[in-house]
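Peer 1: Would you mind keeping the following structure in view while I ask a few things?
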Amino acid sequence: MKRQQSLVLITGATRGLGNQIAHHFFESGSDLILIARNYSELQKMKDTFLSTTKSEQRIFIFSFDLAETELLPALIKEIIEKCGDPDIVINNAASQGPVGPIYENDWTEWERCMKTCLIAPVQLCKGFIPGMIENHYGRIINISGGGATSPRPNFSSYATAKAGLVRFSETTACELLPHGITVNCVAPGIMYSDLTCNIIKAGKRSAGDSEYDNAINLQLHNTHNEEIAAELVYFLTSIECSTITGKLISAVWDPWKELPKYSDILSQTDIYTLRRIIPADRNLTIE
């Protein structure tokens, strides 16, 4: 894969998928901006990465809770002043939100999930896109999740946020077409993470039988889908994918390594997007 050296910003960087993504970009020679809540984990990650190279790669770390959206403009300003404008922004951080039917949810926790999973990524895009436009280059990858493409009972906040993030990504991709900046979503597939533990902790009554059983099974048999998803994120920022934008791509189910061959078709169709289904799509007629 061909790519230019970049300054890459990753949220939720210290664990799971975020950590895997950071590894890919650091090994390619990119400078990193890592954001997570736990400063000690960020520092440990930085030290570990830098101990593996003799190059002069830079790693900037910022301890920040993305649910504190009112403080994000100040963080964005600080990042630009200290690090420069990121070329690649990867919105990976997520919060499960309350588990259970909406009428039993704690509203503060419901809103907190929306801030972390939707409002914060939108703010980060809004803050860093002007620099991308000025530099005539930019790649944005937003991580989707369960509930983005179909209902997910008992996870209304998370599902709503992820569906909104997918629609935001396609809309922003259209706005940025004249500037050659791409925006895509990655559906990583089921992964064992803190979110899985939260489902198990919530129990069957709140999460539902299927969600709970899937979480238990994932705990026993980890899919390691985060490794595949990280490869896809890295791939979508390559030169080969420079015309693929506005798409929701599954790391597990889609033949994403072949997509550059079909870039013309993808740019002219609604393949890999969210759309309303009408009767004709199901060979039905309602009169």
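The values are calculated or read from the model by the stated rules, or taken from the named source; none is laboratory data. Just so you know, these numbers come straight off a predicted model, no measurement behind them. In this analysis, Cβ positions are derived from the backbone assuming ideal geometry, glycine residues included, and neighbour counts consider all displayed protein chains.
Peer 1: Is there any pair linking a residue in segment 173-198 that is within 20 Å of Ile140 (Cβ to Cβ) to one that is of a type outside the set (A, V, I, L, M, F, W, C) and in a strand (DSSP E or B), with Cβ under 7 Å and at least six apart or on different chains, and which?
Peer 2: Ala173/Thr182; Thr182/Arg139; Cys185/Asn142; Ala187/Ser250
Peer 1: Quick check on segment 80-98: of everything there that is among the hydrophobic types (A, V, I, L, M, F, W, C) and surrounded by 23 or more Cβ atoms within 10 Å (Cβ to Cβ), which residue is farthest from Ala187 (Cα to Cα)?
Peer 2: Ile88
Peer 1: Separate question: Residues being surrounded by fewer than 24 Cβ atoms within 10 Å (Cβ to Cβ) and outside any helix (DSSP H, G or I): count how many of those fall in segment 99-139.
Peer 2: Residues flagged as surrounded by fewer than 24 Cβ atoms within 10 Å (Cβ to Cβ) and outside any helix (DSSP H, G or I) within segment 99-139 amount to 6.
Peer 1: Within segment 183-226, work out how many residues are part of a helix (DSSP H, G or I) and either modelled with pLDDT of 95 or more or small (Gly, Ala, Ser) (or both).
Peer 2: Summing the residues that are part of a helix (DSSP H, G or I) and either modelled with pLDDT of 95 or more or small (Gly, Ala, Ser) (or both) in segment 183-226 gives 6.
Peer 1: Let me ask another. Could you grab the pairs with beta carbons closer than 7 Å, sequence gap of 6+ or different chains, first residue in segment 237-257 and in a loop (DSSP other than H, G, I, E, B), second one of a type in the set (D, E, K, R)?
Peer 2: Note: pairs meeting the criteria are Thr237/Arg3; Thr237/Arg139; Ser238/Lys2; Ser238/Arg3; Gly246/Glu170.
Peer 1: Assess whether Asn184 counts as being crowded, with 18+ Cβ neighbours inside 10 Å, polar (S, T, N, Q) and either in contact with a Phe, Trp or Tyr (Cβ under 7 Å, 6 or more places away or on another chain) or under 26 Å from Ser263 (Cα atoms) (or both).
Peer 2: Against the criterion (crowded, with 18+ Cβ neighbours inside 10 Å, polar (S, T, N, Q) and either in contact with a Phe, Trp or Tyr (Cβ under 7 Å, 6 or more places away or on another chain) or under 26 Å from Ser263 (Cα atoms) (or both)), Asn184 qualifies.
Peer 1: For segment 261-283, which positions are of a type in the set (A, V, I, L, M), part of a loop (DSSP other than H, G, I, E, B), closer than 25 Å to Thr182 by Cβ and free of Cβ contacts under 8 Å to residues at least 40 places away in the same chain?
Peer 2: Hit for segment 261-283 is Ile271, nothing else.
Peer 1: On to the next question. Restrict the check to segment 205-213 and report whether at least one residue is surrounded by 14 or more Cβ atoms within 10 Å (Cβ to Cβ), out of contact with any Pro (no Cβ under 6 Å at 6 or more places or on another chain) and without any contact (Cβ under 8 Å) to a residue 40 or more places away in the chain.
Peer 2: Yes, segment 205-213 contains at least one residue that is surrounded by 14 or more Cβ atoms within 10 Å (Cβ to Cβ), out of contact with any Pro (no Cβ under 6 Å at 6 or more places or on another chain) and without any contact (Cβ under 8 Å) to a residue 40 or more places away in the chain.
Peer 1: Is one or more of the residues making up segment 43-63 within 16 Å of Gln123 (Cβ to Cβ) and not aromatic (Phe, Trp, Tyr)?
Peer 2: No; the residues of segment 43-63 include none that is within 16 Å of Gln123 (Cβ to Cβ) and not aromatic (Phe, Trp, Tyr).
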